[in-house]
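The structure under discussion appears below in the form of structure tokens.
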Amino acid sequence: RAAHAFAEQWPALLAASALLLFALACVLGGRHPVATPLFAVALCLGTGLGAAVGLATPDDAGLVAAPDLRARLGLLAWCALPAALLHLAARFPVVVPRFRRRALATLPYLFWAVPALVAQLRFDEPATVDGVERVALAASFIAGTLLVAACAFPGRRLSPVERARAR
């Protein structure tokens, strides 16, 4: 029964694997300013989706026989996703034309570390974990929507290179 439930999750496993492979490709082949935040976004999404597969088979210990660790990693990934999307927006030349300070990109991670820490410390309280996860996912959707909107409708005149990147 657990194997059947796990087999039904093949689309999520495929998406998680593809995202993790993309994250690896960003690390290995990217010197572009957007490679690091793309790595962070792909890693967060891939880890979060991979951990969510464990929810389909709660009685199964999984591949690493650590369902709690899998759930904690998934929660950490969902908490880091809004920061990764903000980091991507800050490094994306269509959204922010001249992003000079790399250290400024760490601010969203520091901000989202607080709810991630609270969720990890209160992991045995489902209401707290669920609340933090919902807020992080809602913030991720908002950040992703703003990133797409900024690319689709740039507020300033774009150079030919930036127009090509925006497409």
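The values are calculated or read from the model by the stated rules, or taken from the named source; none is laboratory data. These figures come from a predicted structure and were not determined experimentally. Note that each Cβ is placed from the backbone with ideal geometry, even for glycine, and that neighbours are counted across all protein chains shown. The protein model used for the area step is the full one, side chains on, heavy atoms only, and it has no ligands, DNA or RNA in it. Shrake-Rupley method; radii C 1.70, N 1.55, O 1.52, S 1.80 Å.
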Count of the range 18-43 residues which are part of a helix (DSSP H, G or I) and farther than 16 Å from A90 by Cβ
14
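Does A51 fit the bill of being modelled with pLDDT of 85 or more and assigned to a helix (DSSP H, G or I)?
Values: modelled with pLDDT of 85 or more: no; assigned to a helix (DSSP H, G or I): yes.
It is false that A51 is modelled with pLDDT of 85 or more and assigned to a helix (DSSP H, G or I).
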Would you call L45 out of contact with any Gly (no Cβ under 8 Å at 6 or more places or on another chain), surrounded by fewer than 17 Cβ atoms within 10 Å (Cβ to Cβ) and at pLDDT 80 or above?
no
Looking at the range 29-45, I want the residues that are among the aromatic types (F, W, Y) and have a partner that is modelled with pLDDT under 85 and part of a loop (DSSP other than H, G, I, E, B) with Cβ atoms under 8 Å, at least 6 apart or on another chain. Which pairs are those?
F39/G30
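Table: residues versus (1) assigned to a helix (DSSP H, G or I); (2) more than 24 Å from A149 (Cβ to Cβ); (3) open to solvent by 60 Å² or more (accessible area, probe 1.4 Å); (4) modelled with pLDDT under 85.
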site	(1), (2), (3), (4)
A83	yes, no, no, no
L88	yes, no, no, yes
V96	no, no, no, yes
A113	yes, yes, no, no
A119	yes, yes, no, no
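Here's the yes/no breakdown for (1) at pLDDT 85 or above; (2) loosely packed, with under 13 Cβ neighbours inside 10 Å; (3) among the hydroxyl-bearing types (S, T, Y):
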site: A3; (1), (2), (3): no, yes, no
site: F39; (1), (2), (3): yes, no, no
site: A56; (1), (2), (3): no, no, no
site: V64; (1), (2), (3): no, yes, no
site: A71; (1), (2), (3): no, no, no
Taking V132 and the conditions (1) touching a helix residue (DSSP H, G or I) at 6+ places or on another chain (Cβ under 6 Å); (2) over 23 Å from P33 (Cβ atoms); (3) open to solvent by 30 Å² or more (accessible area, probe 1.4 Å), which numbered condition does it fall short on, given that it satisfies the others?
(3)
